[in-house]
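To start, the structure itself, in structure tokens.
The values are calculated or read from the model by the stated rules, or taken from the named source; none is laboratory data. In this text, all values refer to a predicted model and were calculated from it rather than measured experimentally. Please note: Cβ atoms are built from the backbone with ideal geometry, for glycine as well, and neighbour counts cover all protein chains shown.
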Amino acid sequence: MVEVAIPIPLFQTFTYTLDPAAERIPVAGSRVVVPFRNRKEIGICLGQSDGSGLRQKPKRVIEVPDDAPALSESMIALCRWIADYYVVPVGVVLRTALPASLTGAEQPTPRRKTQRIVRLREDLPTLMHRDKAFARAPQQRAVFELLESVGGTSTLDHLLGSMAFSPSVLKALEKRGLVRIDSEEVDRDPFALRIGEPARRHTPTSAQTEAIQTLASGSAGDVFLLHGITGSGKTLVYIELLREIVDVRGQTAIVLVPEIALTPQTVDRFRAVFGDRIAVLHSALSDGERYDAWLALKRGEKRIVVGARSAIFAPIENLGAIIVDEEHESSYKQGETPRYHAREVAIVRARNEGAIVVLGSATPSLESWTNAVAGKYRLLKLPDRVGGGSLPKVEIIDLRHKATQLADSSTGPGTGYSSVIRDELDSALAATLLRGEQSILLLNRRGYSAFLQCNDCGDVVVCPNCSITLTLHRAPERLLCHYCAHQETVRSACARCGGLTLRHRGMGTQQVERLVSERFPSARIARMDVDTTSGKWAHAEILDRVGSGQVDILLGTQMIAKGLDFPNVTLVGVVDADVGINLPDFRASERCFQLLSQVAGRAGRGPKGGQVLIQTRVPSHHAVRCAITHDYATFVREELEGRVSPPYPPNLRLANIVFSGTNDRATAALATRGADWIRDLLTHTAGDVTLIGPAPSPIERVKTRWRWHVLLKSANSAELTRVGRYFMEKFQVPAALRVTFDRDPVALL
């Protein structure tokens, strides 16, 4: 009998028997196809079971698809830790650690991509031989000689691309024994055809050299926080460390990059040095491409994985280092169960497997900074930009001051350009264009306008499924919900009062694009947001155009703030720095400071220098004030002071329990009952856990589900785990309602 974990929301494993005549015997980490209720499921064998405590006869394993375990013992141990810490069934975590292609019970063995290879089997050395063989088959002769000219072996696709011929020609050659046609598996590598620049060996600065040497001498399980200002060359430090880990020691490595910064430009830097030893994993890849990359890593054919958060589960052995670039990024936190944080998982995996961890950022998270100051992490600093460059000068444009209408008739009266792009930023854009240099404009709100509001009664068009306004989009014109993707046609009249004047409130990237293009009609403008980058290679196409000088102004949301290095970008303008700064979330100020600092770092990365202009209505806010002076230390000090009373991370640990349902009253009642249940539990235990709530979530309704939440706070991590686990296992939830447990949430919205 074997113990099997199944990806279902139950905190238990299941026992199954084995077929004595089965070809394969599963061991820990093996995938097994098992019957569960009225269906088949893919489970993971966790080892042998003695069958103790069984109340009924166990069912039999249907199939063991693989010759070797899909998950190593160390990966199972990591998944068990995730299940315990984040309070989630281990079967759900184990499924997350596998590519989607390996989790389908109906087709447990993924299909590999194949290509047909044509090979010569017989040589016809003389003209006489050929004349005789192909006397009445000139097309066969042409194909034969084409294949001969390319060395005797070619893919069928290549032959067909070089010469037009029918399938019967090739079949005739095969029948005559002149060629052989084989089918071979081929790896799907979406980056294989991308031609990057050859690697250039840079000489590290003294600070980089010191960081590289310190990292290379690190002990197993050490965690380093690499605090380097934007443009200080953190990527060079990563690459030189990887040379040591992979080339010298023969080990493997994981490089985590936020999904938003996993651009082809980032991948190109690593591929230029390590070539096809790099495997790339991110959400834009197809299931087949992800599976091929996973398989190449498992076989040891690839030694380095570069990817978003799920790459932390890469099946590599002899791990030497895990690098978490932009470690402060919230996208490292999984938004669905299991709600793990890749940074924390990286630290545990490295500790278990004897590797080091490098957390890199120009604006570290407060949690990481506090750990470094306390000596839990080792702090390394890169205080200067490489090449003797300096951080750009940052200036504030106070949006509280009344805008002056531009005299340029091209804008026309009432267009709103002068209220969106103030005089100082407008002049800087014009001057940058005149010099033939490039600009970046940041507005962290996509769409055309934030919402439509009736001018007569004030009614706002809201999503029927979520507690949020619908955003107006153009091309195509529609009202869109950014939470559930509900969309409607644009209304001509108010649904409440019939008023005919619906005004656009707020602005999005689409509207700014229109205004800037009207102001500068000859400028080449590229917009980069979720709407323009939905295609597989859309990011690459836009950024390649910027890099080749085909774009004068790059406009976009936060995805343009990270990982971009274009020397000809000399101006960065933040259209509205206040977007998100006043959200009802304890990390709002921290995210604002990080975003402003990161986007400011895109300017002046070349010898021409640069400037940054930030438009805001709150110039005295510490997130804005410290971003202006690039003063991370002051921001941290002031932000930490604000999290003492009431206490918030990193001063303690936090868990957010969210209750949801399609009925608002039932959801509220469940949240109240859940809070009372926990309060009663805390009364009868000596645990140091504080309960806050229940209360409606800041965004009360998402995707037709009403949401309430309670917060658990504790300085004792183990106690928080104990309470959370007991609640999630014992609290009874009606079928129509849900409860989710979010450990260490990055947002409370």
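When Ser427, Ser409 are checked against the criterion of being outside any strand (DSSP E or B), surrounded by fewer than 17 Cβ atoms within 10 Å (Cβ to Cβ), at pLDDT 85 or above and out of contact with any Gly (no Cβ under 9 Å at 6 or more places or on another chain), a single residue qualifies: Ser427. Among the residues of the range 278-293, count how many are in a helix (DSSP H, G or I) and either out of contact with any Ser or Thr (no Cβ under 8 Å at 6 or more places or on another chain) or free of Cβ contacts under 8 Å to residues at least 40 places away in the same chain (or both). Qualifying residue count, the range 278-293: 3.
Against the test of being under 32 Å from the mean Cα position of the chain (by Cα) and either surrounded by 21 or more Cβ atoms within 10 Å (Cβ to Cβ) or of a type outside the set (Asp, Glu) (or both), the options Leu472, Leu433 yield a single qualifying residue, Leu472. When Val34, Val61 are screened for being surrounded by 12 or more Cβ atoms within 10 Å (Cβ to Cβ), within 20 Å of Pro89 (Cα to Cα) and not assigned by TED's automatic domain parsing to the domain that holds Tyr726, only Val34 passes. Could you tell me whether the range 524-533 includes any residue that is more than 31 Å from the chain's Cα centre (by Cα) and not polar (S, T, N, Q)? Scanning the range 524-533, I find no residue that is more than 31 Å from the chain's Cα centre (by Cα) and not polar (S, T, N, Q), so the answer is no. Only one of the listed residues (Ala736, Ala666) is touching a strand residue (DSSP E or B) at 6+ places or on another chain (Cβ under 9 Å), under 21 Å from Ser467 (Cα atoms) and in a loop (DSSP other than H, G, I, E, B). That residue is Ala736. Every condition in (1) on the phi > 0 side of the Ramachandran plot; (2) in contact (Cβ under 8 Å) with a residue 60 or more places away in the chain is met by Gly275 except one, and the failing one is (2). For the range 369-380, state whether one or more residues are under 20 Å from the mean Cα position of the chain (by Cα) and in contact (Cβ under 8 Å) with a residue 12 or more places away in the chain. Scanning the range 369-380 turns up no residue that is under 20 Å from the mean Cα position of the chain (by Cα) and in contact (Cβ under 8 Å) with a residue 12 or more places away in the chain.
Within the range 619-642, residues that are in the same structural domain as Val599 (by TED's automatic domain parsing) and touching a residue at least 40 places away in the same chain (Cβ under 8 Å) have Cβ atoms under 9 Å from residues that are outside any helix (DSSP H, G or I) and of a type in the set (D, E, K, R) in these pairs: Pro619/Asp398; Pro619/Arg400; His621/Asp578; Val624/Asp578; Ile628/Glu395, counting only partners at least 6 apart in sequence or on another chain.
Residues in the range 103-142 that are loosely packed, with under 13 Cβ neighbours inside 10 Å, closer than 16 Å to Leu178 by Cα and among the polar types (S, T, N, Q): Thr126 only. Filtering Arg738, Arg673 for residues that are under 30 Å from Ala485 (Cα atoms), among the basic types (Lys, Arg) and at pLDDT 95 or above leaves a single hit, Arg738. For the range 466-476, the set of residues classified as assigned to a loop (DSSP other than H, G, I, E, B) and farther than 16 Å from Pro696 by Cβ consists of Leu470, Arg474, Ala475, Pro476, listed by residue number. Given the criteria more than 20 Å from the chain's Cα centre (by Cα), farther than 22 Å from Gln208 by Cβ and touching a residue at least 40 places away in the same chain (Cβ under 8 Å), does Lys393 qualify? For Lys393, the condition - more than 20 Å from the chain's Cα centre (by Cα), farther than 22 Å from Gln208 by Cβ and touching a residue at least 40 places away in the same chain (Cβ under 8 Å) - is met. Just wondering, is there one or more residues in the range 281-298 that are modelled with pLDDT of 90 or more and touching a Phe, Trp or Tyr at 6+ places or on another chain (Cβ under 7 Å)? No - not one qualifying residue is present in the range 281-298. Do any strands (runs of 3 or more DSSP E) lying entirely in the range 508-601 carry at least 2 residues that are touching a residue at least 40 places away in the same chain (Cβ under 8 Å) and of a type in the set (Phe, Trp, Tyr), and which ones are they? Where strands (runs of 3 or more DSSP E) fall fully within the range 508-601, none carries at least 2 residues being touching a residue at least 40 places away in the same chain (Cβ under 8 Å) and of a type in the set (Phe, Trp, Tyr).
Tell me, which strands (runs of 3 or more DSSP E) wholly within the range 1-88 include 3 or more residues that are out of contact with any Lys or Arg (no Cβ under 8 Å at 6 or more places or on another chain) and modelled with pLDDT under 95? Output list reads 39-48. When every residue of the range 193-216 is checked against the conditions, none turns out to be touching a helix residue (DSSP H, G or I) at 6+ places or on another chain (Cβ under 8 Å), at pLDDT 85 or above and on the phi > 0 side of the Ramachandran plot.
Filtering the range 710-724 for residues that are farther than 28 Å from Glu329 by Cβ and buried (at least 20 other Cβ atoms within 10 Å of the Cβ) leaves a non-empty set. Do we have Arg55 as free of Cβ contacts under 8 Å to residues at least 40 places away in the same chain and either among the polar types (S, T, N, Q) or more than 30 Å from Glu344 (Cβ to Cβ) (or both) here? The answer is yes for Arg55.
Restricted to the range 220-253, and to residues there that are among the hydroxyl-bearing types (Ser, Thr, Tyr) and modelled with pLDDT under 95, the residue that is surrounded by the fewest Cβ atoms within 10 Å (Cβ to Cβ) is Thr235.
The residues of the range 44-94 that are basic (Lys, Arg) and under 18 Å from Arg343 (Cα atoms) amount to a single one, Arg80.
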